[in-house]
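Participant: Have a look at this one.
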Amino acid sequence: QVQLVESGGGLVQPGGSLRLSCAASGFTASRYTMRWYRQVPGKERDLVAGINSFMSTNYADSVKGRFTISRDNTKNTVYLQMNNLKPEDTAVYYCNVPMLGFWGQGTQVTVSS
């Protein structure tokens, strides 16, 4: 069964860090581009970062220099390291495999003092 399971979200103070994980099962994630999106209520889901099978990465301008996407192919897992978090980073974060149309269930990130 194909599945993407996100974890690692939570409540953090501004300036803090979190690492999100996206564990894939039922397919070989290393063969595909993987992406992180985020969504706040009432708004569209926005692309945060992506990594392809060659480890090439891309980022939204709003997170460049603060977020890092990576993948561990031995664990079939993609990560999003988020540093210097800001209140505007508050959202539900989703893992996505664009070529296959798979989405995870999302993990909530709240940045607040």
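Participant: Please go through segment 60-96 and give me each residue that is among the charged types (D, E, K, R) and over 14 Å from Gly15 (Cβ atoms), ordered by number. Step through it out loud before you land on a result.
Facilitator: Taking segment 60-96 first, the residues among the charged types (D, E, K, R) are 61, 64, 66, 71-72, 75, 86, 88-89.
Once the filter is applied, which keeps residues that are among the charged types (D, E, K, R) and over 14 Å from Gly15 (Cβ atoms), segment 60-96 yields Asp61, Lys64, Arg71, Asp72, Lys75.
Participant: Restricting to segment 34-81, give me the number of residues that are among the hydroxyl-bearing types (Ser, Thr, Tyr) and touching a strand residue (DSSP E or B) at 6+ places or on another chain (Cβ under 8 Å). Explain how you work it out, then say what you get.
Facilitator: First pass over segment 34-81, keeping only residues among the hydroxyl-bearing types (Ser, Thr, Tyr): 37, 53, 56-57, 59, 62, 68, 70, 74, 77, 79.
Imposing the further condition that a residue be touching a strand residue (DSSP E or B) at 6+ places or on another chain (Cβ under 8 Å) reduces the set to 37, 57, 59, 68, 70, 77, 79.
Matching residues across segment 34-81 total 7.
Participant: Same structure, new question: Val111 is checked against (1) in contact with a helix residue (DSSP H, G or I) (Cβ under 7 Å, 6 or more places away or on another chain); (2) open to solvent by 30 Å² or more (accessible area, probe 1.4 Å) and fails just one. What number does that condition carry?
Facilitator: It fails just one condition, (2).
Participant: Let me ask you something else. What do you reckon, is Leu47 assigned to a strand (DSSP E or B), modelled with pLDDT of 95 or more, within 15 Å of Thr110 (Cα to Cα) and open to solvent by 40 Å² or more (accessible area, probe 1.4 Å)?
Facilitator: On the way: assigned to a strand (DSSP E or B): yes; modelled with pLDDT of 95 or more: yes; within 15 Å of Thr110 (Cα to Cα): no; open to solvent by 40 Å² or more (accessible area, probe 1.4 Å): yes.
It is false that Leu47 is assigned to a strand (DSSP E or B), modelled with pLDDT of 95 or more, within 15 Å of Thr110 (Cα to Cα) and open to solvent by 40 Å² or more (accessible area, probe 1.4 Å).
Participant: Take segment 61-101 and flag every residue that is touching a Cys at 6+ places or on another chain (Cβ under 8 Å) and open to solvent by 20 Å² or more (accessible area, probe 1.4 Å).
Facilitator: Once the filter is applied, which keeps residues that are touching a Cys at 6+ places or on another chain (Cβ under 8 Å) and open to solvent by 20 Å² or more (accessible area, probe 1.4 Å), segment 61-101 yields only Tyr79.
Participant: Can you list residue pairs whose Cβ atoms sit under 7 Å apart, with the first residue in segment 7-29 being open to solvent by less than 30 Å² (accessible area, probe 1.4 Å) and of a type in the set (Ser, Thr, Tyr) and the second being modelled with pLDDT of 95 or more and in a loop (DSSP other than H, G, I, E, B)? Count only pairs 6 or more apart in sequence or on different chains.
Facilitator: Hits for this filter: Ser21/Gly8.
The values are calculated or read from the model by the stated rules, or taken from the named source; none is laboratory data. Fair warning: this is a prediction, and the values are worked out from it, not measured in the lab. Note: ideal-geometry Cβ built from the backbone for every residue, glycine included; neighbour counts use all protein chains shown. Note: accessible area is taken over every heavy atom of the protein model, side chains too, but ligands, DNA and RNA are not part of it. Shrake-Rupley method; radii C 1.70, N 1.55, O 1.52, S 1.80 Å.
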